[in-house]
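**Q** The structure that follows is given in the form of structure tokens.
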Amino acid sequence: MDKIIISGGKPLSGEIEIGGAKNAALPILAATLLSSEPHQLKRVPKVVDIFTMQKLLCAMGAQISEQDDVCTIEIKQITSCEAQYEWVKTMRASVLVLGPLLARYGEAHVSLPGGCAIGVRPINLHLTALSKMGAEIVVEHGMIHAKAKKLKGGTSPARQRPLQGMPIHFEKSTVTGTENIMMAATLAEGTTILTNAAQEPEIIDLACFLNGCGADITGAGTEQIVIHGVSVLSGFSRRGCTPYCIMPDRIETGTFMVAAAITGGDLMLRDCNPGHMESLIRLLKKTGVEITSGKSTLHIRGKAIRAVDFTTMPYPGFPTDMQAQMMALMTVSNGLSKITEAIFESRFGHAAELRRMGAKIYLEGNHAIVEGVKALSGAPVMASDLRASSSLILAGLVAEGETEVLRIYHLDRGYEKIEEKLSKVGADIRRIQ
Ligand code: EPU
């Protein structure tokens, strides 16, 4: 198994190009199931979770090719509507095929995802919403069996005021839940109104892609999304001459921002979207880091790190996917930081590994108290999930001596060439196979 070796203590300096967002590309790939015409996508990140989704779609009848960084995907006919446990246990986001399959094919058999390293992660809200739209759902032997001749929104002529339609209220903000139902509703009969919808930028990206295929979605990025069902969707390539370009990865962006901060470095990040980074920018500025935003650039200059408290929240709050990386930063701050994880029940797997590097972290329920130390010391450590693995790399960049990060298959699920990008800006980091 591969591992990453880092010799810490080198300040980073230079430019890094940010890639396409894994968490936007995953639902957009699933959405290609909604049409029989070809789609063209650009900036699809080359990470393992994306390869898994592409393989799953191929098992359902997709033809996928890649040329000059443009991914062409066509699903003329759905040849299988099953996502067995093999897929879902490899990647929970496989559940994103449920809504599109039901909407286009009228049937879906998808393994029920179990808990994972970061929490219980049920999908009850996806299933309740689909039932409300008329799907018959049976869960047995670990499989979700869903059928619907035609999914139904409420009856409402397009853009009727006051708006009428099938109200679907999410008790809790759910990102893939909102995406699944938004996709399902594009081909439903009538209008579906999602309330307390997730507002993450990835939802807007998915809506833009779907609207580009002929869907009628308004309000994505707000807590109310209205979807007027249409009878058929076209391929994205038919509508415009250019392929759909996936949004920049805001968690990759954030990870490199923290890399600059933790090493006292000076990094220019290109091809990112500073507008998506506001909560992190605010927090990092409070730690003393200097940040200048351009239209699609972020310039970060690291300084001595002040301790800050923060709580993870749905967008536009501070993202749970950046909690582990910020915790790594707090381990070398000059004070006491209180971190509250309010999205997932057990997303502190990295704390025990950071402690092995000399960090002082005390856990109590969903709170972590981090007492900054003068220096971390390199050690062999093990990644427990995707973002935990990047936090260990960040800690390794500043630790004295050598850090060996094991189980980096987690890292490869969501970061494209992270060690190459870091080594280009001065990190002493290498992968051993
Ligand atoms: N929840 C329920 N019932 C549901 C759905 C969610 O109780 O039916 C709960 C979850 O257990 C959790 C909270 O609601 O406590 C939020 O979960 P959400 O559904 O928003 O998470 P997700 O859609 O499964 C996506 C990202 C995660 C990211 C979370 C939160 C993708 C493919 N995954 O997961 O990304 O942490 O939103 O922002 O978009 C990662 O990239 O490392 C990652 C884990």
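**Q** Taking Cα centroids, how far is the stretch 196-218 from the stretch 278-306 in Å?
**A** Cα centres, the stretch 196-218 to the stretch 278-306: 29 Å.
**Q** Can you compute the equivalent ellipsoid semi-axes for the chain, i.e. the square root of 5 times each eigenvalue of the Cα gyration tensor, sorted largest first and rounded to whole Å?
**A** After diagonalising the Cα gyration tensor, the semi-axes are 38, 22, 21 Å.
**Q** Could you order the peptides 62-72, 409-419, 299-309 from most to least packed, using the average number of other C-beta atoms within 10 Å per residue?
**A** 409-419, 299-309, 62-72
**Q** Across the stretch 244-256, in residue order, what do the Karplus-derived ³J(HN,Hα) couplings come to in whole Hz, using 6.51 cos²θ - 1.76 cosθ + 1.60 with θ = phi - 60° and x for Gly and Pro?
**A** So the Karplus estimates, Gly and Pro as x, are 6, 9, 5, 5, x, 6, 6, 7, 4, 4, x, 5, 6 Hz.
**Q** Could you state the angle between the C-alpha long axis of helix 175-186 and the longest principal axis of the C-alpha atoms of the chain, as a value from 0 to 90 degrees rounded to the nearest 10?
**A** 20
**Q** Enumerate the amide H contacts of D309 below 5 Å, restricted to partners 5 or more residues apart or on another chain; note that Pro and chain-start residues carry no placed amide H.
**A** K338
**Q** Using amide H atoms built in the peptide plane, which far-off residues or other-chain residues are under 5 Å from G229 H to H?
**A** Residues meeting the amide H criterion: G190, T191, T192.
**Q** Do any of K286/K338; K22/K286; K76/K132; K89/K147 go past 19 Å between their Cα atoms, and which?
**A** Values: K286/K338 14 Å; K22/K286 28 Å; K76/K132 29 Å; K89/K147 23 Å.
With Cα atoms farther than 19 Å apart: K22/K286; K76/K132; K89/K147.
**Q** Sticking with this structure for a sec: About the Cα centre, and with charges only on the beta carbon of Lys, Arg (+1) and Asp, Glu (-1), how big is the dipole of the chain? Nearest 20 debye, please.
**A** Dipole size: approximately 440 debye.
**Q** Please identify which residues in the stretch 53-73 have an amide N closer than 19 Å to a label point set 7 Å out from the Cα of Q84, following the Cα→Cβ vector.
**A** Only 53-62 pass the distance filter.
**Q** Ignoring ligands, DNA and RNA, what accessible area per residue does the chain give at 1.4 Å, in Å²?
**A** Counting only protein heavy atoms, the per-residue value for the chain is 40 Å².
**Q** Rank-order 390-402, 204-216 by packing density, defined as the average count of other C-beta atoms within 10 Å over each peptide's residues, highest first.
**A** 390-402, 204-216
**Q** Counting alpha carbon pairs within less than 8 Å and at least 6 residues apart, what relative contact order, in whole percent, applies to the stretch 38-110?
**A** Worked out over the stretch 38-110, it gives 29 percent.
**Q** Pulled fully out, how much extra length does the chain show between N124 and H169, if you take 0.36 nm times their separation in residues and subtract their Cα-Cα distance? Show your work: numbers first, answer last.
**A** On the way: separation 45, 0.36 × 45 = 16.20 nm, distance 1.27 nm.
Once the chain is fully extended between N124 and H169, it gains 14.9 nm.
**Q** Further, regarding this structure: So how do 272-278, 258-264 stack up, highest first, on mean other-Cβ count within 10 Å?
**A** Descending mean neighbour count gives 258-264, 272-278.
**Q** Tell me the net charge near N334. Cut-off is 12 Å between Cβ atoms, N334 excluded, with +1 for each Lys or Arg and -1 for each Asp or Glu.
**A** Combined, the nearby Lys, Arg, Asp and Glu give +2.
**Q** By how many nm would the segment from E136 to C116 grow when fully extended, if each residue of separation counts as 0.36 nm and the alpha-carbon distance is taken off?
**A** 4.5 nm
**Q** Sticking with this structure for a sec: Could you look at the stretch 201-340 and say what percent of its accessible area is carbon and sulfur, using a 1.4 Å probe and all protein chains?
**A** Roughly 52 percent of what the probe reaches on the stretch 201-340 is carbon or sulfur.
**Q** Would you compute, from DSSP H runs of 4+ residues alone, the mean residue ellipticity of the chain at 222 nm, taking -39500 (n - 2.57) per run and dividing by the full residue count, rounded to the nearest 500?
**A** Roughly -9000 deg cm²/dmol at 222 nm, from the helical runs in the chain.
**Q** Between E402 and residues 5 or more places away or on another chain, which pairs have amide H atoms under 5 Å apart, with H built 1.01 Å from N, and which residues are they?
**A** Amide H to amide H, under 5 Å and 5 or more residues apart or across chains, E402 pairs with G378.
The values are calculated or read from the model by the stated rules, or taken from the named source; none is laboratory data. Everything numeric in this text was worked out from a predicted model, so none of it was measured. All Cβ positions, glycine included, derive from the backbone under ideal geometry; neighbour counts span all protein chains shown. Just so you know, the surface numbers come from the protein's heavy atoms only, side chains and all, with ligands and any DNA or RNA stripped out. Shrake-Rupley method; radii C 1.70, N 1.55, O 1.52, S 1.80 Å.
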